[in-house]
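Peer 1: Sharing a structure below in structure tokens format, with a few things to ask.
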Ligand SMILES: NC(=O)CC[C@H](N)C(=O)O
């Protein structure tokens, strides 16, 4: 990516899709060029959490909400150490951010982190296009990066597809770190004295996930994506967690092998998003790419174990191919689809019936999003309590 100054100079910019469709607007954030998979997110709020979610690595995110940036950028809501989206597409950026926590504008942060964006385009037409044709490769070019259209389309078409992309190792921590449990008064519990210890495999983990566990008395050891079985069990975990993460789950053979070893030991297991896809694969199910995915914070999901419907945060482009209408026999006993998306019947959760393991395809940690699904962290605690009893 080559960039120069900032989009505030209002240099012209173009968004080029791999099928040749072109949208013309103005530079937003850094000026230059960038490539990624164009996907849309329907969240009305929470852009800071979206942009810093490592699962968005190598994606150009289109905000369907027309006004973006109103609350600026603060020092509290990042979900990881940096912005991961490769580009950002907005209709009408805030001219003046206004929020008591804001430290700078969204555009200033995009410039500081060298993220190329585009504003002033018809994001509704773009979203309808992506919904009808599916998510596809795209490029944003602004300022001096703008060239003849056929050349730009050809450059977009030369980019790698999201299908087959292995990205989780790139975004995950290289070193293990510990998130201490939180006591009743919000204080950190000394390491080694918490009620439960969890080994969390970082495939692109969001910061809110260990925090939700810490609030429930869990000390979380966040391990690199390449952690070995021995490294996981050196932590003496009461439970093992597999995080969300970018890319195609069909490429995640290492995490699937690690999870298989955890399932063989019958250690309580919980997975979120990429973690759900890895559980699907460890059980012998396939995964496939959705036409345009689920991204936003208002997706209806039914918990089939209770019949309750919850409104949930999503960010996934792939899904597990498991039967909805029957219990499956797997090498770890019986498994069933525990959660389903009410918009399109996509598998949103799996659970084993003969040992303590479950996962969801969506984001119970929220950040951003409603807290309806927070009970899943309590379910994980119950599994760990059950194993001790
Ligand atoms: N948030 C996630 O973990 C996403 C998982 C996977 N990369 C997908 O797009 O489906």
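Peer 1: Quick check: is even one residue across the range 195-204 surrounded by fewer than 19 Cβ atoms within 10 Å (Cβ to Cβ) and either in contact (Cβ under 8 Å) with a residue 12 or more places away in the chain or assigned by TED's automatic domain parsing to the domain that holds residue 86 (or both)?
Peer 2: yes
Peer 1: Check whether at least one residue in the range 68-87 is over 30 Å from residue 210 (Cβ atoms), in contact with a helix residue (DSSP H, G or I) (Cβ under 7 Å, 6 or more places away or on another chain) and surrounded by 16 or more Cβ atoms within 10 Å (Cβ to Cβ), and report yes or no.
Peer 2: In the first step, residues of the range 68-87 are kept if they are over 30 Å from residue 210 (Cβ atoms); the result is none.
So far as the range 68-87 goes, no, none of its residues is over 30 Å from residue 210 (Cβ atoms), in contact with a helix residue (DSSP H, G or I) (Cβ under 7 Å, 6 or more places away or on another chain) and surrounded by 16 or more Cβ atoms within 10 Å (Cβ to Cβ).
Peer 1: In contact with a strand residue (DSSP E or B) (Cβ under 7 Å, 6 or more places away or on another chain), surrounded by fewer than 21 Cβ atoms within 10 Å (Cβ to Cβ) and in contact (Cβ under 8 Å) with a residue 60 or more places away in the chain: is that true of residue 149 in this structure?
Peer 2: Against the criterion (in contact with a strand residue (DSSP E or B) (Cβ under 7 Å, 6 or more places away or on another chain), surrounded by fewer than 21 Cβ atoms within 10 Å (Cβ to Cβ) and in contact (Cβ under 8 Å) with a residue 60 or more places away in the chain), residue 149 qualifies.
Peer 1: If you don't mind, there's one more thing I want to ask. Cβ-Cβ distance below 6 Å, separation of 6 or more or different chains: which pairs start in the range 115-128 with a residue that is in contact (Cβ under 8 Å) with a residue 24 or more places away in the chain and end on one that is assigned to a strand (DSSP E or B) and surrounded by fewer than 21 Cβ atoms within 10 Å (Cβ to Cβ)?
Peer 2: Going by the 6 Å Cβ cut-off, the qualifying pairs are 119/26; 120/26.
Peer 1: Can you tell which of 227, 250 is away from the ligand (no atom under 16 Å from the Cβ), in contact (Cβ under 8 Å) with a residue 40 or more places away in the chain, under 28 Å from residue 160 (Cβ atoms) and not in a strand (DSSP E or B)?
Peer 2: 227
Peer 1: Oh, and also: Does any residue of the range 353-363 turn out to be in contact (Cβ under 8 Å) with a residue 24 or more places away in the chain, part of a loop (DSSP other than H, G, I, E, B) and within 17 Å of residue 262 (Cβ to Cβ)?
Peer 2: There is at least one residue in the range 353-363 that is in contact (Cβ under 8 Å) with a residue 24 or more places away in the chain, part of a loop (DSSP other than H, G, I, E, B) and within 17 Å of residue 262 (Cβ to Cβ).
Peer 1: May I pose another question? Check the range 110-122 and report whether any residue there is more than 28 Å from residue 161 (Cα to Cα), in contact with a strand residue (DSSP E or B) (Cβ under 6 Å, 6 or more places away or on another chain) and part of a strand (DSSP E or B). Give the derivation first.
Peer 2: Our first condition is that a residue be more than 28 Å from residue 161 (Cα to Cα); within the range 110-122, this holds for none.
No, the range 110-122 contains no residue that is more than 28 Å from residue 161 (Cα to Cα), in contact with a strand residue (DSSP E or B) (Cβ under 6 Å, 6 or more places away or on another chain) and part of a strand (DSSP E or B).
Peer 1: Which residue is nearest to the ligand (Cβ to nearest atom), if the candidates are limited to the range 261-301 and must be assigned to a strand (DSSP E or B) and more than 30 Å from residue 47 (Cβ to Cβ)?
Peer 2: That would be 286.
Peer 1: Continuing with this model, one more query. Can you pull out the residues in the range 340-353 that are within 17 Å of residue 370 (Cα to Cα) and within 15 Å of the ligand (Cβ to nearest atom)?
Peer 2: Answer for the range 340-353, where residues must be within 17 Å of residue 370 (Cα to Cα) and within 15 Å of the ligand (Cβ to nearest atom): 341, 348.
Peer 1: What is the number of the single condition among (1) surrounded by fewer than 23 Cβ atoms within 10 Å (Cβ to Cβ); (2) under 22 Å from residue 215 (Cβ atoms) that residue 363 does not meet?
Peer 2: (1)
Peer 1: Which ones in the range 230-247 are within 16 Å of residue 209 (Cβ to Cβ), part of a loop (DSSP other than H, G, I, E, B) and over 18 Å from the mean Cα position of the chain (by Cα)?
Peer 2: 237
Peer 1: In the range 324-337, is there at least one residue being farther than 30 Å from residue 215 by Cα, within 16 Å of the ligand (Cβ to nearest atom), at pLDDT 95 or above and surrounded by fewer than 20 Cβ atoms within 10 Å (Cβ to Cβ)?
Peer 2: First pass over the range 324-337, keeping only residues farther than 30 Å from residue 215 by Cα: 324-334.
Filter once more, keeping what is within 16 Å of the ligand (Cβ to nearest atom): none.
No: the range 324-337 contains no residue that is farther than 30 Å from residue 215 by Cα, within 16 Å of the ligand (Cβ to nearest atom), at pLDDT 95 or above and surrounded by fewer than 20 Cβ atoms within 10 Å (Cβ to Cβ).
Peer 1: Being in contact with a helix residue (DSSP H, G or I) (Cβ under 9 Å, 6 or more places away or on another chain) and within 16 Å of the ligand (Cβ to nearest atom) is the filter here; which residues of the range 304-316 pass it?
Peer 2: 312, 313, 315, 316
Peer 1: Does residue 323 satisfy being assigned to a loop (DSSP other than H, G, I, E, B) and closer than 30 Å to residue 136 by Cβ?
Peer 2: yes
Peer 1: Is it the case that residue 147 is outside the structural domain of residue 216 (by TED's automatic domain parsing), over 29 Å from residue 207 (Cα atoms) and part of a loop (DSSP other than H, G, I, E, B)?
Peer 2: In short, yes.
The values are calculated or read from the model by the stated rules, or taken from the named source; none is laboratory data. For clarity, every value in this text was computed on a predicted model and none was experimentally measured. Every residue, glycine as well, gets a Cβ built from its backbone with ideal geometry; the counts of neighbours run over all protein chains shown.
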